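Report on the structure given below.
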Amino acid sequence: MENIFFDDWQSLLRAFILTILAYVTLIIFIRISGKRTLSKMNAFDFLVTIALGSCLATVSLNKNIALAEGAMVYFTLIFLQFIITWSSVRVKFVKKLVTGKPALLLYKGELLADAMKRERITIEEIYMKARASGITNLNEVEVIVLETTGDITMILKSEESSRCDETLTNVSGYPDKS
């Protein structure tokens, strides 16, 4: 019967050294690829981050995978992420496919129940975000937007009602004022 707690010192040393080497390799690739690689811009960026972490764990623990193979996977994931983000800045279809649109959840003090259902956001989540933002009453809020990252943004009311129109032009459900 195989021991589930400890095989031998050699396997521990291998895991230790490979984890360090794989981690350093990943950091080098991430630094070369730029800040966007691990950004929290959208679901696609999140997926790449998870895949890189999974790859690091696999290279560290799987005795059948060499460091060079892991490095190739790191490179391939980062390269694909670069190509997708590069394309999304230049090709409207790719941008729409990758990023989606933010959604309006509250407008001029009125919660948009249909939008909240569609986006699977509960009133408790809205309240939690309001509390975290120091807001004690939703009447203080002009708009609430569910961002493509999953973050909830709250813009407070002001005397200048058109203050936030520019930043809300691509938000699903926001009335176009033009």
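The simple spin-label model puts a point 7 Å past each Cα toward its Cβ; for D7 and I65 those points are separated by 1.5 nm. One entry in (1) 1.12; (2) 1.43; (3) 1.02 is Cα Rg over 2.2 N^0.38 Å calculated from the shown coordinates; its label is (2).
Seen against the Cα atoms of the chain and their longest principal axis, helix 67-90 is set at about 20 degrees. Here the extension length gained between T19 and R120 equals 32.5 nm, from 0.36 nm per residue of separation less the Cα-Cα distance. On a per residue basis, the chain carries 69 Å² of accessible surface, using protein heavy atoms and a 1.4 Å probe. Would you tally the net charge around T25, using a Cβ to Cβ cut-off of less than 12 Å, leaving T25 out, and scoring K and R as +1, D and E as -1? Local charge sum for T25: 0. Kindly identify segment 79-133 as rounded, prolate or oblate by the Cα gyration tensor criterion: order the square roots of the eigenvalues as a ≥ b ≥ c, call it rounded if a/c is under 1.5, otherwise compare a/b with b/c, prolate if a/b is larger, else oblate. Prolate. Here the chain has 62 percent of its accessible surface on carbon and sulfur atoms, given a 1.4 Å probe and all protein chains in place.
Taking Cα atoms only, the orientation of helix 9-33 departs from the longest principal axis of the chain by about 40 degrees. Normalising the average separation of contacting C-alpha pairs (under 8 angstrom, six or more residues apart) by the number of residues puts the relative contact order of the chain at 19 percent. Multiplying the residue separation of V94 and F79 by 0.36 nm and subtracting their alpha-carbon distance yields 3.8 nm. Ellipticity at 222 nm from helices only: DSSP H runs of n ≥ 4 in the chain, each -39500 (n - 2.57), divided by the residue count, give -17000 deg cm²/dmol. For K157, the amide hydrogen comes within under 5 Å of the amide hydrogens of V141, E142, counting only partners 5 or more places away or on other chains and with H modelled in the peptide plane. Counted residue by residue at 0.36 nm each, then reduced by the alpha carbon distance between them, the extension gain from I50 to I30 reaches 5.8 nm.
The values are calculated or read from the model by the stated rules, or taken from the named source; none is laboratory data. From a predicted model like this one, the values you see are computed outputs, not experimental measurements. Using ideal geometry, Cβ is built from the backbone for each residue, glycine included, and neighbour counts are taken over all protein chains shown. Each accessible area value is taken on the protein alone, full model and side chains, heavy atoms only, with ligands, DNA and RNA left out. Shrake-Rupley method; radii C 1.70, N 1.55, O 1.52, S 1.80 Å.
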